[in-house]
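*Asks:* Have a look at the structure that comes next, please.
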Amino acid sequence: MKKVKVKGLYKDIPETIILNVDSLEIGKTIKVRDCQFDNYELVNAKDLVIAGVRATRNSAAAATTEEGEGEGEGEAAAE
């Protein structure tokens, strides 16, 4: 959970803010500057990262293994 500073009328400020992160890819982030709301605004630094997707060591190792296997198959098919 990340806390951000919000500016607006008391009646317009929600208790929680929900952001859709379904479209985020590995290595991508959502920053304060990317968020726009109708009745309130975030007053934190515009470069503050609110959400991000990072690769774990296991997923990076699996990707490397898959790439290595794919190269071997391509070489065998070419011969």
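*Asks:* Could you name the lysines in cross-link range of K28, using Cα to Cα under 18 Å and dropping any fewer than eight places away on the same chain?
*Replies:* K2, K46
*Asks:* Using the Cβ atoms and a cut-off under 11 Å, what net charge is assigned to the surroundings of D12, where Lys and Arg are +1 and Asp and Glu are -1? Mind showing how you got there, number by number?
*Replies:* Working: positive: K7, K11; negative: D38, E41.
Net charge in that neighbourhood comes out at 0.
*Asks:* Along the Cα→Cβ direction, 7 angstrom out, place labels at E41 and V53. What is the inter-label distance in nm?
*Replies:* Distance between label points: 3.0 nm.
*Asks:* Also: Could you work out how far apart the two model spin labels at I17 and K31 are, taking each label as a point 7 Å from the Cα in the direction of the beta carbon, and quote it in nm?
*Replies:* So the label points at I17 and K31 sit 1.5 nm apart.
Each reported figure results from applying straightforward, stated rules to the coordinates on display, with no laboratory input. Everything numeric in this text was worked out from a predicted model, so none of it was measured. Counting neighbours? That spans all protein chains shown, and the Cβs are built from the backbone with ideal geometry, glycine included.
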